[in-house]
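Notes follow once the structure below has been shown.
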Amino acid sequence: MCCLVGGAAIIGPRFALLVWWIFGNKVELAFDSWAWPLLGLLFLPWTTLAYVVAWQPGGLDGNADVLIVAVGVLLDVLTYMHRFAAKAARPSRGY
């Protein structure tokens, strides 16, 4: 069950951002080029998704938008911590 939740945390934001990028235009409006959302899709998916959700015409406006992006950063950090913890918990194959 824990692996299912971990897998959903890794795949979920990437899938949502990719679908939003293909079928909507807010990702294109929030970023100036295609390179930043692509890098975000690969390395920081929660932060990129939170930025797209919080973005308004004119940029981020107010503390609520910054809080949304900060939660995205926190979720990315937790996702990477889960990966490293799962890797450390595996039994070693050494003799």
Using the structure shown, decide if residue 75 is within 10 Å of the chain's Cα centre (by Cα) and not charged (D, E, K, R). yes
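Based on this model, can you work out whether residue 42 counts as in a helix (DSSP H, G or I), free of Cβ contacts under 8 Å to residues at least 60 places away in the same chain, within 30 Å of residue 87 (Cα to Cα) and open to solvent by 80 Å² or more (accessible area, probe 1.4 Å)?
Considered against the rule, which asks whether it is in a helix (DSSP H, G or I), free of Cβ contacts under 8 Å to residues at least 60 places away in the same chain, within 30 Å of residue 87 (Cα to Cα) and open to solvent by 80 Å² or more (accessible area, probe 1.4 Å), residue 42 comes out as yes.
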Scanning for something of a type in the set (D, E, K, R), assigned to a helix (DSSP H, G or I) and closer than 16 Å to residue 79 by Cα, does the stretch 14-31 turn up at least one residue? yes
Reported set for the stretch 4-32 where residues are free of Cβ contacts under 8 Å to residues at least 12 places away in the same chain and open to solvent by 50 Å² or more (accessible area, probe 1.4 Å) is 4, 5, 8, 11, 15, 19, 22, 23, 25, 28, 32
When the stretch 45-59 is checked residue by residue, the ones that are open to solvent by 20 Å² or more (accessible area, probe 1.4 Å) and assigned to a helix (DSSP H, G or I) are 46, 47, 49, 51, 53
Report yes if some residue within the stretch 1-8 is outside any helix (DSSP H, G or I) and under 27 Å from residue 81 (Cα atoms); otherwise report no. yes
Inspect all residues belonging to the stretch 29-38 and state whether any of them is within 12 Å of the chain's Cα centre (by Cα) and of a type in the set (Phe, Trp, Tyr). no
Apart from one, (1) open to solvent by 70 Å² or more (accessible area, probe 1.4 Å); (2) within 18 Å of the chain's Cα centre (by Cα); (3) of a type outside the set (A, V, I, L, M); (4) closer than 28 Å to residue 34 by Cα all hold for residue 84; the odd one out is (4)
Among the residues that make up the stretch 54-64, is at least one of them touching a residue at least 40 places away in the same chain (Cβ under 8 Å) and within 18 Å of the chain's Cα centre (by Cα)? no
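The values are calculated or read from the model by the stated rules, or taken from the named source; none is laboratory data. Predicted model, so just to flag it, every value in this text is computed and none were measured. Cβ: placed from backbone, ideal geometry, glycine included. Neighbour counts: every protein chain shown. For the accessible areas, the whole protein counts, side chains as well, though only heavy atoms, and no ligand, DNA or RNA atoms are used. Shrake-Rupley method; radii C 1.70, N 1.55, O 1.52, S 1.80 Å.
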